[in-house]
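These notes concern the structure reproduced below.
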Amino acid sequence: MVLSRQSLFRKIDNSPLIVFRILFGFLLLAETWGAILTGWVSINLITPKVFFPFIGFTWLHPLPGYGMYVYFICLGILGLLVMIGYRYRLSLLCFTILWTAQYLMQKTAYNNHYYFLILICIIMLFLPANAYYSLDSRRNKNIRSLTMPQWCSFVLLFQISILYFFACVAKLYPDWIDGTFTRLLYSNKTNIPLIGPFFTQKWFYISIAYLGILFDGLVVPLMLWNKTRTLALLACLIFHLANSFILNVGIFPYFALSFTVFFYPPETIRKIFFKKRPNLSFEENKYDYSNKKTVYFLLVIYFTIQLILPIRHYFIKGNVFWTEEGHRLSWRMMLRQRNGSTHFTVIDKKTKKILPFHMQDIFTVKQILRINCYPDFIWQAAQYIKEDFKLRHKDVEIYADTQVSVNAHPYKKFIDPKIDLADVSWDYFKHSDWIFLYDDYRK
(Lines give C-alpha, C1' and ligand atoms only; values in the text may rest on other atoms or scores of the structure.)
Protein backbone atom coordinates (compact mmCIF):
# COMPACT_ATOMS: atom_id res chain seq x y z
CA MET A 1 0.00 0.00 0.00
CA VAL A 2 1.41 3.35 -1.02
CA LEU A 3 1.10 5.92 1.77
CA SER A 4 2.28 9.22 0.36
CA ARG A 5 0.40 12.31 1.51
CA GLN A 6 -1.46 12.42 -1.78
CA SER A 7 -2.38 8.75 -1.90
CA LEU A 8 -3.92 8.88 1.58
CA PHE A 9 -6.92 10.45 -0.13
CA ARG A 10 -7.03 8.10 -3.09
CA LYS A 11 -10.32 6.26 -3.29
CA ILE A 12 -10.05 2.51 -2.88
CA ASP A 13 -12.51 -0.37 -2.66
CA ASN A 14 -14.19 -0.21 0.75
CA SER A 15 -14.78 -3.96 1.08
CA PRO A 16 -12.25 -4.38 3.94
CA LEU A 17 -13.95 -1.69 6.01
CA ILE A 18 -17.41 -3.16 5.43
CA VAL A 19 -16.28 -6.64 6.43
CA PHE A 20 -14.49 -5.21 9.46
CA ARG A 21 -17.64 -3.35 10.55
CA ILE A 22 -19.61 -6.58 10.50
CA LEU A 23 -16.95 -8.48 12.46
CA PHE A 24 -16.49 -5.56 14.85
CA GLY A 25 -20.19 -5.29 15.61
CA PHE A 26 -20.41 -9.02 16.23
CA LEU A 27 -17.46 -8.87 18.64
CA LEU A 28 -19.10 -5.98 20.51
CA LEU A 29 -22.20 -8.12 20.87
CA ALA A 30 -20.19 -11.17 21.97
CA GLU A 31 -18.12 -9.18 24.48
CA THR A 32 -21.07 -7.52 26.21
CA TRP A 33 -23.57 -10.36 26.30
CA GLY A 34 -20.74 -12.76 27.10
CA ALA A 35 -19.92 -10.60 30.12
CA ILE A 36 -23.42 -11.30 31.43
CA LEU A 37 -23.39 -15.02 30.69
CA THR A 38 -19.96 -15.63 32.25
CA GLY A 39 -20.84 -13.78 35.44
CA TRP A 40 -18.36 -10.96 34.74
CA VAL A 41 -21.03 -8.27 35.19
CA SER A 42 -22.24 -9.75 38.46
CA ILE A 43 -18.75 -10.20 39.93
CA ASN A 44 -17.40 -6.78 38.96
CA LEU A 45 -20.38 -4.42 38.72
CA ILE A 46 -23.16 -5.78 40.94
CA THR A 47 -21.75 -7.76 43.88
CA PRO A 48 -19.12 -5.30 45.26
CA LYS A 49 -20.10 -2.78 47.95
CA VAL A 50 -17.60 -0.27 46.57
CA PHE A 51 -15.82 0.03 43.24
CA PHE A 52 -12.38 1.03 42.09
CA PRO A 53 -12.82 3.49 39.22
CA PHE A 54 -9.94 5.11 37.42
CA ILE A 55 -8.72 7.82 39.74
CA GLY A 56 -10.45 11.05 38.77
CA PHE A 57 -13.66 9.29 37.75
CA THR A 58 -15.10 8.54 41.18
CA TRP A 59 -18.33 10.25 40.07
CA LEU A 60 -19.06 7.28 37.80
CA HIS A 61 -21.08 4.57 39.54
CA PRO A 62 -22.71 1.34 38.32
CA LEU A 63 -26.49 1.34 38.15
CA PRO A 64 -28.12 0.02 41.33
CA GLY A 65 -29.65 -3.42 41.70
CA TYR A 66 -29.62 -5.38 38.48
CA GLY A 67 -29.37 -2.23 36.38
CA MET A 68 -25.98 -3.23 34.95
CA TYR A 69 -27.57 -6.29 33.35
CA VAL A 70 -29.88 -3.96 31.45
CA TYR A 71 -26.89 -1.74 30.70
CA PHE A 72 -24.95 -4.60 29.10
CA ILE A 73 -28.00 -5.91 27.26
CA CYS A 74 -28.31 -2.45 25.69
CA LEU A 75 -24.60 -2.51 24.81
CA GLY A 76 -25.10 -5.83 23.02
CA ILE A 77 -28.08 -4.47 21.08
CA LEU A 78 -26.00 -1.46 20.02
CA GLY A 79 -23.24 -3.85 18.89
CA LEU A 80 -25.81 -5.72 16.80
CA LEU A 81 -26.97 -2.43 15.23
CA VAL A 82 -23.35 -1.61 14.35
CA MET A 83 -22.96 -5.04 12.76
CA ILE A 84 -26.03 -4.65 10.50
CA GLY A 85 -25.32 -0.97 9.91
CA TYR A 86 -28.53 0.49 11.26
CA ARG A 87 -28.19 4.13 12.30
CA TYR A 88 -24.54 3.22 12.41
CA ARG A 89 -22.96 6.38 13.80
CA LEU A 90 -25.61 6.98 16.44
CA SER A 91 -25.47 3.34 17.54
CA LEU A 92 -21.68 3.34 17.69
CA LEU A 93 -21.59 6.70 19.48
CA CYS A 94 -23.96 5.41 22.16
CA PHE A 95 -21.95 2.21 22.49
CA THR A 96 -18.68 4.17 22.79
CA ILE A 97 -20.05 6.41 25.54
CA LEU A 98 -21.60 3.55 27.52
CA TRP A 99 -18.60 1.24 27.09
CA THR A 100 -16.14 3.97 28.08
CA ALA A 101 -18.23 4.78 31.16
CA GLN A 102 -18.25 1.18 32.41
CA TYR A 103 -14.54 0.89 31.61
CA LEU A 104 -13.73 3.92 33.76
CA MET A 105 -16.04 3.02 36.65
CA GLN A 106 -14.10 -0.11 37.62
CA LYS A 107 -10.57 -1.38 37.00
CA THR A 108 -10.57 -4.46 39.24
CA ALA A 109 -11.03 -6.49 36.06
CA TYR A 110 -8.80 -4.28 33.90
CA ASN A 111 -7.95 -5.71 30.50
CA ASN A 112 -6.06 -4.09 27.63
CA HIS A 113 -8.61 -5.08 25.04
CA TYR A 114 -11.32 -3.11 26.88
CA TYR A 115 -9.22 0.00 26.21
CA PHE A 116 -8.50 -1.14 22.65
CA LEU A 117 -12.24 -1.40 22.01
CA ILE A 118 -12.65 2.25 23.01
CA LEU A 119 -9.94 3.38 20.59
CA ILE A 120 -11.34 1.42 17.67
CA CYS A 121 -14.85 2.68 18.45
CA ILE A 122 -13.55 6.27 18.29
CA ILE A 123 -11.80 5.65 14.98
CA MET A 124 -14.77 3.84 13.46
CA LEU A 125 -17.06 6.76 14.30
CA PHE A 126 -15.26 8.78 11.63
CA LEU A 127 -15.18 6.09 8.95
CA PRO A 128 -17.90 5.46 6.32
CA ALA A 129 -18.32 1.85 7.41
CA ASN A 130 -22.06 1.86 6.66
CA ALA A 131 -21.68 2.87 3.01
CA TYR A 132 -22.36 -0.63 1.75
CA TYR A 133 -24.06 -3.83 2.89
CA SER A 134 -25.92 -2.02 5.64
CA LEU A 135 -29.47 -1.07 6.47
CA ASP A 136 -28.39 2.57 6.37
CA SER A 137 -27.25 2.30 2.74
CA ARG A 138 -30.50 0.59 1.81
CA ARG A 139 -32.55 3.31 3.49
CA ASN A 140 -30.47 6.19 2.14
CA LYS A 141 -29.04 5.72 -1.35
CA ASN A 142 -27.06 8.97 -0.97
CA ILE A 143 -24.58 7.40 1.42
CA ARG A 144 -24.13 4.24 -0.61
CA SER A 145 -20.62 3.90 -1.99
CA LEU A 146 -18.17 1.24 -3.12
CA THR A 147 -15.14 3.33 -2.18
CA MET A 148 -13.41 5.02 0.71
CA PRO A 149 -10.31 7.24 1.04
CA GLN A 150 -7.20 5.15 1.61
CA TRP A 151 -6.56 6.85 4.97
CA CYS A 152 -9.54 4.91 6.38
CA SER A 153 -7.56 1.71 6.01
CA PHE A 154 -4.32 3.35 7.10
CA VAL A 155 -5.56 4.56 10.50
CA LEU A 156 -6.70 1.10 11.54
CA LEU A 157 -3.45 -0.46 10.32
CA PHE A 158 -1.43 2.14 12.21
CA GLN A 159 -3.43 1.59 15.40
CA ILE A 160 -2.87 -2.18 15.41
CA SER A 161 0.79 -1.57 14.51
CA ILE A 162 1.21 0.65 17.58
CA LEU A 163 -0.24 -2.09 19.76
CA TYR A 164 2.10 -4.77 18.41
CA PHE A 165 5.16 -2.52 18.45
CA PHE A 166 4.85 -1.47 22.08
CA ALA A 167 3.86 -5.00 23.11
CA CYS A 168 7.14 -6.15 21.58
CA VAL A 169 9.22 -3.41 23.25
CA ALA A 170 7.64 -4.15 26.64
CA LYS A 171 8.79 -7.77 26.44
CA LEU A 172 12.45 -6.75 26.23
CA TYR A 173 13.09 -7.04 29.96
CA PRO A 174 14.96 -9.68 32.02
CA ASP A 175 12.02 -11.71 33.31
CA TRP A 176 10.70 -12.20 29.79
CA ILE A 177 14.06 -12.78 28.14
CA ASP A 178 15.05 -15.56 30.57
CA GLY A 179 11.61 -17.19 30.48
CA THR A 180 10.69 -16.40 34.09
CA PHE A 181 7.30 -14.95 33.28
CA THR A 182 6.31 -17.41 30.55
CA ARG A 183 7.18 -20.24 32.94
CA LEU A 184 4.85 -18.75 35.54
CA LEU A 185 2.17 -18.04 32.93
CA TYR A 186 1.96 -21.63 31.73
CA SER A 187 2.72 -23.37 35.03
CA ASN A 188 -0.98 -23.64 35.96
CA LYS A 189 -2.04 -24.86 32.51
CA THR A 190 -0.45 -28.31 32.68
CA ASN A 191 -3.85 -30.05 32.84
CA ILE A 192 -4.51 -29.28 29.17
CA PRO A 193 -4.61 -32.59 27.26
CA LEU A 194 -1.64 -33.58 25.09
CA ILE A 195 0.30 -30.31 25.26
CA GLY A 196 0.00 -29.51 28.98
CA PRO A 197 2.98 -31.64 30.12
CA PHE A 198 5.31 -29.61 27.88
CA PHE A 199 4.49 -26.31 29.61
CA THR A 200 6.90 -26.84 32.50
CA GLN A 201 9.82 -27.74 30.27
CA LYS A 202 12.46 -25.05 29.81
CA TRP A 203 12.71 -25.44 26.04
CA PHE A 204 8.98 -24.72 25.81
CA TYR A 205 8.65 -21.58 27.92
CA ILE A 206 11.90 -20.10 26.59
CA SER A 207 10.69 -20.74 23.03
CA ILE A 208 7.34 -19.11 23.81
CA ALA A 209 9.13 -16.04 25.20
CA TYR A 210 11.23 -15.47 22.09
CA LEU A 211 8.44 -16.38 19.68
CA GLY A 212 6.30 -13.78 21.45
CA ILE A 213 8.91 -11.11 20.84
CA LEU A 214 9.36 -12.14 17.21
CA PHE A 215 5.63 -12.30 16.57
CA ASP A 216 4.84 -8.87 18.00
CA GLY A 217 7.84 -7.29 16.30
CA LEU A 218 7.48 -8.84 12.85
CA VAL A 219 3.82 -9.65 12.27
CA VAL A 220 2.89 -6.26 10.82
CA PRO A 221 5.85 -5.96 8.39
CA LEU A 222 5.33 -9.57 7.27
CA MET A 223 1.60 -9.01 6.76
CA LEU A 224 2.29 -5.88 4.70
CA TRP A 225 4.66 -7.67 2.32
CA ASN A 226 2.72 -9.78 -0.16
CA LYS A 227 5.47 -12.45 -0.39
CA THR A 228 5.22 -13.27 3.32
CA ARG A 229 1.59 -12.39 3.95
CA THR A 230 0.19 -15.91 3.79
CA LEU A 231 2.87 -17.25 6.14
CA ALA A 232 2.24 -14.35 8.52
CA LEU A 233 -1.51 -15.01 8.42
CA LEU A 234 -0.87 -18.63 9.37
CA ALA A 235 1.32 -17.45 12.27
CA CYS A 236 -1.48 -15.08 13.35
CA LEU A 237 -4.02 -17.88 13.36
CA ILE A 238 -1.79 -20.19 15.39
CA PHE A 239 -0.70 -17.47 17.84
CA HIS A 240 -4.11 -15.94 18.53
CA LEU A 241 -6.12 -19.16 18.56
CA ALA A 242 -3.58 -20.77 20.90
CA ASN A 243 -3.87 -17.78 23.23
CA SER A 244 -7.65 -18.02 23.12
CA PHE A 245 -7.64 -21.75 23.86
CA ILE A 246 -4.86 -21.86 26.47
CA LEU A 247 -4.94 -18.46 28.17
CA ASN A 248 -8.65 -17.58 27.92
CA VAL A 249 -8.08 -13.93 26.98
CA GLY A 250 -11.59 -13.09 25.83
CA ILE A 251 -12.32 -11.66 22.41
CA PHE A 252 -8.90 -10.10 21.86
CA PRO A 253 -7.47 -12.91 19.68
CA TYR A 254 -10.45 -12.68 17.34
CA PHE A 255 -10.43 -8.90 17.49
CA ALA A 256 -6.78 -8.85 16.43
CA LEU A 257 -7.45 -11.36 13.64
CA SER A 258 -10.26 -9.19 12.26
CA PHE A 259 -7.66 -6.57 11.23
CA THR A 260 -6.32 -9.06 8.68
CA VAL A 261 -8.78 -7.71 6.10
CA PHE A 262 -6.80 -4.45 5.88
CA PHE A 263 -3.51 -6.14 5.05
CA TYR A 264 -4.84 -7.71 1.86
CA PRO A 265 -5.60 -5.77 -1.34
CA PRO A 266 -9.19 -4.50 -1.18
CA GLU A 267 -9.98 -6.32 -4.41
CA THR A 268 -9.03 -9.62 -2.77
CA ILE A 269 -11.40 -9.00 0.13
CA ARG A 270 -14.16 -8.03 -2.33
CA LYS A 271 -13.73 -11.26 -4.30
CA ILE A 272 -13.92 -13.34 -1.12
CA PHE A 273 -16.84 -11.64 0.63
CA PHE A 274 -18.72 -9.67 -2.03
CA LYS A 275 -18.44 -11.64 -5.26
CA LYS A 276 -21.35 -9.84 -6.92
CA ARG A 277 -19.97 -6.36 -6.34
CA PRO A 278 -18.78 -4.61 -9.51
CA ASN A 279 -15.16 -3.62 -10.07
CA LEU A 280 -14.28 0.02 -9.52
CA SER A 281 -14.10 2.16 -12.60
CA PHE A 282 -11.13 4.44 -13.30
CA GLU A 283 -13.26 7.47 -12.44
CA GLU A 284 -14.15 6.08 -9.04
CA ASN A 285 -10.52 5.36 -8.22
CA LYS A 286 -9.58 9.04 -8.01
CA TYR A 287 -8.29 11.37 -5.32
CA ASP A 288 -10.64 12.92 -2.82
CA TYR A 289 -9.39 16.13 -1.25
CA SER A 290 -12.48 16.98 0.79
CA ASN A 291 -11.74 17.95 4.40
CA LYS A 292 -8.05 17.22 3.83
CA LYS A 293 -6.69 19.61 6.47
CA THR A 294 -9.19 18.43 9.07
CA VAL A 295 -8.20 14.81 8.51
CA TYR A 296 -4.49 15.63 8.81
CA PHE A 297 -5.08 17.60 12.00
CA LEU A 298 -7.15 14.90 13.70
CA LEU A 299 -4.77 12.11 12.69
CA VAL A 300 -1.70 13.98 13.96
CA ILE A 301 -3.34 14.80 17.30
CA TYR A 302 -4.73 11.31 17.83
CA PHE A 303 -1.61 9.36 16.94
CA THR A 304 0.67 11.73 18.83
CA ILE A 305 -1.30 10.85 21.97
CA GLN A 306 -1.12 7.15 21.09
CA LEU A 307 2.66 7.34 20.73
CA ILE A 308 3.17 9.31 23.95
CA LEU A 309 1.01 7.27 26.34
CA PRO A 310 3.01 4.02 26.03
CA ILE A 311 6.33 5.76 26.80
CA ARG A 312 5.22 7.97 29.67
CA HIS A 313 6.54 5.52 32.26
CA TYR A 314 10.10 6.29 31.10
CA PHE A 315 9.59 9.80 32.50
CA ILE A 316 8.30 8.58 35.87
CA LYS A 317 10.85 7.69 38.53
CA GLY A 318 11.24 3.99 39.24
CA ASN A 319 10.82 0.71 37.36
CA VAL A 320 7.29 0.39 36.00
CA PHE A 321 7.33 -3.36 36.67
CA TRP A 322 7.69 -2.56 40.37
CA THR A 323 5.77 0.69 40.80
CA GLU A 324 3.04 0.08 38.17
CA GLU A 325 3.05 3.84 37.54
CA GLY A 326 2.45 4.35 33.82
CA HIS A 327 1.54 0.72 33.21
CA ARG A 328 -2.03 1.08 31.98
CA LEU A 329 -2.92 2.34 28.46
CA SER A 330 0.59 1.32 27.34
CA TRP A 331 0.10 -2.08 25.65
CA ARG A 332 2.02 -3.77 28.44
CA MET A 333 0.05 -6.98 28.00
CA MET A 334 0.55 -10.13 30.09
CA LEU A 335 4.03 -9.21 31.27
CA ARG A 336 4.15 -9.81 35.00
CA GLN A 337 2.62 -11.65 37.90
CA ARG A 338 2.20 -9.73 41.14
CA ASN A 339 1.54 -11.20 44.56
CA GLY A 340 1.47 -9.49 47.88
CA SER A 341 -0.18 -8.80 51.19
CA THR A 342 -1.47 -5.55 52.65
CA HIS A 343 -2.41 -4.87 56.24
CA PHE A 344 -4.00 -1.54 57.12
CA THR A 345 -3.57 0.03 60.53
CA VAL A 346 -6.35 2.49 61.31
CA ILE A 347 -5.67 5.01 64.10
CA ASP A 348 -8.16 7.38 65.67
CA LYS A 349 -6.66 10.87 65.36
CA LYS A 350 -8.14 12.01 68.65
CA THR A 351 -7.40 9.08 70.93
CA LYS A 352 -4.40 7.69 68.96
CA LYS A 353 -5.85 4.23 69.51
CA ILE A 354 -5.83 1.51 66.87
CA LEU A 355 -9.33 0.86 65.59
CA PRO A 356 -10.43 -2.61 64.50
CA PHE A 357 -10.89 -3.03 60.77
CA HIS A 358 -11.29 -5.99 58.42
CA MET A 359 -10.96 -5.55 54.66
CA GLN A 360 -13.59 -8.22 54.04
CA ASP A 361 -16.16 -5.86 55.59
CA ILE A 362 -15.88 -3.52 52.60
CA PHE A 363 -14.05 -5.24 49.75
CA THR A 364 -14.59 -8.42 47.72
CA VAL A 365 -11.97 -11.16 47.51
CA LYS A 366 -11.06 -10.08 43.99
CA GLN A 367 -10.62 -6.47 45.11
CA ILE A 368 -8.46 -7.54 48.04
CA LEU A 369 -6.14 -9.40 45.66
CA ARG A 370 -5.58 -6.08 43.87
CA ILE A 371 -5.25 -4.13 47.13
CA ASN A 372 -2.55 -6.53 48.20
CA CYS A 373 -0.11 -5.46 45.51
CA TYR A 374 -1.19 -2.49 43.31
CA PRO A 375 -0.43 1.04 44.54
CA ASP A 376 -3.49 2.82 43.18
CA PHE A 377 -5.75 0.16 44.71
CA ILE A 378 -3.96 0.53 48.04
CA TRP A 379 -4.41 4.30 47.96
CA GLN A 380 -8.05 4.10 46.91
CA ALA A 381 -8.75 1.46 49.55
CA ALA A 382 -7.37 3.87 52.15
CA GLN A 383 -9.78 6.54 50.93
CA TYR A 384 -12.71 4.13 51.21
CA ILE A 385 -11.65 3.13 54.72
CA LYS A 386 -11.36 6.80 55.65
CA GLU A 387 -14.90 7.47 54.40
CA ASP A 388 -16.23 4.38 56.17
CA PHE A 389 -14.92 5.62 59.52
CA LYS A 390 -16.13 9.13 58.79
CA LEU A 391 -19.67 7.70 58.66
CA ARG A 392 -19.01 6.55 62.23
CA HIS A 393 -17.90 10.10 63.10
CA LYS A 394 -14.26 9.14 63.44
CA ASP A 395 -11.36 10.99 61.85
CA VAL A 396 -8.59 8.48 61.20
CA GLU A 397 -5.04 7.98 60.02
CA ILE A 398 -4.38 4.98 57.79
CA TYR A 399 -1.07 3.20 57.37
CA ALA A 400 -0.29 0.25 55.12
CA ASP A 401 2.16 -2.56 55.71
CA THR A 402 2.58 -4.09 52.26
CA GLN A 403 4.89 -6.80 50.95
CA VAL A 404 4.99 -7.40 47.18
CA SER A 405 6.63 -9.96 44.92
CA VAL A 406 6.88 -9.53 41.14
CA ASN A 407 7.23 -12.68 39.05
CA ALA A 408 7.87 -14.86 42.12
CA HIS A 409 10.98 -12.90 43.12
CA PRO A 410 11.62 -12.19 46.85
CA TYR A 411 8.97 -10.18 48.68
CA LYS A 412 9.91 -6.58 49.41
CA LYS A 413 8.27 -3.81 51.38
CA PHE A 414 6.19 -1.80 48.92
CA ILE A 415 4.52 1.09 50.76
CA ASP A 416 6.15 3.37 53.31
CA PRO A 417 4.42 2.32 56.57
CA LYS A 418 5.07 5.76 58.10
CA ILE A 419 2.92 7.60 55.54
CA ASP A 420 -0.70 8.35 56.37
CA LEU A 421 -2.39 7.27 53.13
CA ALA A 422 -5.57 9.04 54.14
CA ASP A 423 -3.71 12.31 53.89
CA VAL A 424 -1.77 11.97 50.61
CA SER A 425 -2.88 12.56 47.03
CA TRP A 426 -2.43 10.50 43.89
CA ASP A 427 -0.52 11.90 40.92
CA TYR A 428 -0.84 10.35 37.48
CA PHE A 429 2.20 12.14 36.12
CA LYS A 430 4.95 11.55 38.66
CA HIS A 431 6.20 9.00 41.15
CA SER A 432 4.45 8.77 44.49
CA ASP A 433 7.18 9.04 47.13
CA TRP A 434 5.35 6.68 49.48
CA ILE A 435 6.08 3.79 47.09
CA PHE A 436 9.49 2.32 47.97
CA LEU A 437 12.01 2.02 45.14
CA TYR A 438 14.77 -0.56 44.71
CA ASP A 439 17.76 -0.76 42.45
CA ASP A 440 16.63 -4.25 41.48
CA TYR A 441 13.27 -5.61 42.62
CA ARG A 442 14.35 -9.11 41.50
CA LYS A 443 16.94 -9.59 44.25
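The values are calculated or read from the model by the stated rules, or taken from the named source; none is laboratory data. Predicted model only: the values in this text are computed from it and were never measured. When we count neighbours, we look across all protein chains shown, and the Cβ atoms used for this are built from the backbone with ideal geometry, even at glycine.
Restricted to region 383-413, and to residues there that are among the charged types (D, E, K, R) and in a strand (DSSP E or B), the residue that is farthest from ASP440 (Cα to Cα) is GLU397. For region 165-179, filtering for residues that are within 16 Å of VAL219 (Cβ to Cβ) and surrounded by 20 or more Cβ atoms within 10 Å (Cβ to Cβ) leaves 4.
Taken together, LEU369, LEU355, LEU391 contain a single residue that is under 30 Å from ASP439 (Cα atoms) and either of a type in the set (A, V, I, L, M) or modelled with pLDDT under 95 (or both), which is LEU369. Taking first residues from region 148-170 that are in contact (Cβ under 8 Å) with a residue 60 or more places away in the chain and partners that are part of a helix (DSSP H, G or I) and polar (S, T, N, Q), the Cβ contacts under 7 Å between residues at least 6 apart in sequence or on separate chains come to GLN150/SER7; ILE162/GLN306.
Can you tell me which residue among ILE97, ILE122 is assigned to a helix (DSSP H, G or I) and within 28 Å of ARG270 (Cα to Cα)? So that I can check it myself, show each step before the final result.
Numbers: ILE97 fails: within 28 Å of ARG270 (Cα to Cα).
Going through ILE97, ILE122 in turn, just one is assigned to a helix (DSSP H, G or I) and within 28 Å of ARG270 (Cα to Cα): ILE122.
Filtering region 207-226 down to residues that are among the aromatic types (Phe, Trp, Tyr) and more than 15 Å from GLY179 (Cβ to Cβ), which residue is surrounded by the most Cβ atoms within 10 Å (Cβ to Cβ)?
In the first step, residues of region 207-226 are kept if they are among the aromatic types (Phe, Trp, Tyr); the result is 210, 215, 225.
When the remaining residues are screened for being more than 15 Å from GLY179 (Cβ to Cβ), the result is 215, 225.
Values: PHE215: 20, TRP225: 12.
Of everything passing the filter in region 207-226, PHE215 is surrounded by the most Cβ atoms within 10 Å (Cβ to Cβ).
For region 38-94, the set of residues classified as closer than 30 Å to GLN360 by Cα, part of a helix (DSSP H, G or I), aliphatic (A, V, I, L, M) and in contact (Cβ under 8 Å) with a residue 24 or more places away in the chain consists of VAL41, ILE43, LEU45, MET68, listed by residue number. Taking the conditions (1) surrounded by 14 or more Cβ atoms within 10 Å (Cβ to Cβ); (2) farther than 23 Å from ARG312 by Cβ; (3) touching a Phe, Trp or Tyr at 6+ places or on another chain (Cβ under 6 Å) in turn, LYS413 satisfies each one other than (1). So, in region 87-101, exactly how many residues are closer than 25 Å to ILE143 by Cα and among the β-branched types (Val, Ile, Thr)? Residues flagged as closer than 25 Å to ILE143 by Cα and among the β-branched types (Val, Ile, Thr) within region 87-101 amount to 2.
Among the residues of region 320-330, are any of a type in the set (Ser, Thr, Tyr), surrounded by 19 or more Cβ atoms within 10 Å (Cβ to Cβ) and closer than 28 Å to ALA209 by Cβ?
Keep residues of region 320-330 that are of a type in the set (Ser, Thr, Tyr), which gives 323, 330.
From the residues that got through so far, the ones that are surrounded by 19 or more Cβ atoms within 10 Å (Cβ to Cβ) too are 323, 330.
Now restrict to residues that are closer than 28 Å to ALA209 by Cβ: 323, 330.
There is at least one residue in region 320-330 that is of a type in the set (Ser, Thr, Tyr), surrounded by 19 or more Cβ atoms within 10 Å (Cβ to Cβ) and closer than 28 Å to ALA209 by Cβ.
When region 412-443 is filtered for residues that are basic (Lys, Arg) and either modelled with pLDDT of 95 or more or out of contact with any Pro (no Cβ under 8 Å at 6 or more places or on another chain) (or both), the ones remaining, listed by number, are LYS412, LYS413, LYS418, LYS430.
The single residue among ASP401, ASP388, ASP395, ASP361 that is more than 30 Å from THR182 (Cβ to Cβ) and either in contact with a His (Cβ under 8 Å, 6 or more places away or on another chain) or of a type in the set (Phe, Trp, Tyr) (or both) turns out to be ASP401. Residues in region 250-264 that are touching a residue at least 40 places away in the same chain (Cβ under 8 Å) and closer than 19 Å to THR32 by Cα: 7 in all.
The rows are residues; the columns are (1) touching an Asp or Glu at 6+ places or on another chain (Cβ under 7 Å); (2) part of a loop (DSSP other than H, G, I, E, B).
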site: TYR254; (1), (2): no, no
site: SER258; (1), (2): no, no
site: LYS276; (1), (2): no, yes
site: VAL300; (1), (2): no, no
site: HIS327; (1), (2): no, yes
site: ILE347; (1), (2): yes, no
site: GLN360; (1), (2): no, no
site: LEU369; (1), (2): no, no
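Checking the conditions here, which among VAL346, VAL320 is at pLDDT 95 or above, touching a helix residue (DSSP H, G or I) at 6+ places or on another chain (Cβ under 6 Å) and either charged (D, E, K, R) or farther than 24 Å from ILE46 by Cβ (or both)? Give the steps one after another, and end with the answer.
Values: VAL346 fails: touching a helix residue (DSSP H, G or I) at 6+ places or on another chain (Cβ under 6 Å).
After applying the criteria, what remains is VAL320.
Of all the criteria given as (1) surrounded by 20 or more Cβ atoms within 10 Å (Cβ to Cβ); (2) modelled with pLDDT of 95 or more; (3) not in a loop (DSSP other than H, G, I, E, B), the one not satisfied by LEU8 is (2). From the set of residues in region 404-416 that are without any contact (Cβ under 8 Å) to a residue 60 or more places away in the chain and touching a strand residue (DSSP E or B) at 6+ places or on another chain (Cβ under 7 Å), which is nearest to ILE177 (Cα to Cα)? Restricting to residues being without any contact (Cβ under 8 Å) to a residue 60 or more places away in the chain and touching a strand residue (DSSP E or B) at 6+ places or on another chain (Cβ under 7 Å), the top hit is LYS412. Has region 426-436 got at least one residue that is within 26 Å of THR47 (Cβ to Cβ) and within 27 Å of the chain's Cα centre (by Cα)? Within region 426-436, one or more residues are within 26 Å of THR47 (Cβ to Cβ) and within 27 Å of the chain's Cα centre (by Cα).
When each of TYR428, TYR399, TYR384 is tested for being touching a residue at least 60 places away in the same chain (Cβ under 8 Å) and over 19 Å from ARG328 (Cα atoms), the lone residue that passes is TYR384.
Let's see how each residue does on (1) loosely packed, with under 13 Cβ neighbours inside 10 Å; (2) of a type in the set (A, V, I, L, M); (3) at pLDDT 95 or above:
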{"position": "ASN339", "(1), (2), (3)": "no, no, yes"}
{"position": "GLN380", "(1), (2), (3)": "no, no, yes"}
{"position": "ASP395", "(1), (2), (3)": "yes, no, yes"}
{"position": "TYR399", "(1), (2), (3)": "no, no, yes"}
{"position": "ALA408", "(1), (2), (3)": "no, yes, yes"}
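Scan region 193-202 and tell me whether some residue there is crowded, with 18+ Cβ neighbours inside 10 Å and either closer than 27 Å to VAL320 by Cα or not hydroxyl-bearing (Ser, Thr, Tyr) (or both).
Filtering region 193-202 down to residues crowded, with 18+ Cβ neighbours inside 10 Å leaves 199.
Now narrow it down to the ones that are either closer than 27 Å to VAL320 by Cα or not hydroxyl-bearing (Ser, Thr, Tyr) (or both): 199.
Looking for residues that are crowded, with 18+ Cβ neighbours inside 10 Å and either closer than 27 Å to VAL320 by Cα or not hydroxyl-bearing (Ser, Thr, Tyr) (or both), one finds at least one in region 193-202, hence yes.
When you go through GLN367, GLN383 one by one, which is the residue that is touching a Pro at 6+ places or on another chain (Cβ under 9 Å) and farther than 21 Å from ASN319 by Cα? I'd like the intermediate steps shown before the answer.
Details: GLN383 fails: touching a Pro at 6+ places or on another chain (Cβ under 9 Å).
After ruling out the rest, the residue left standing is GLN367.
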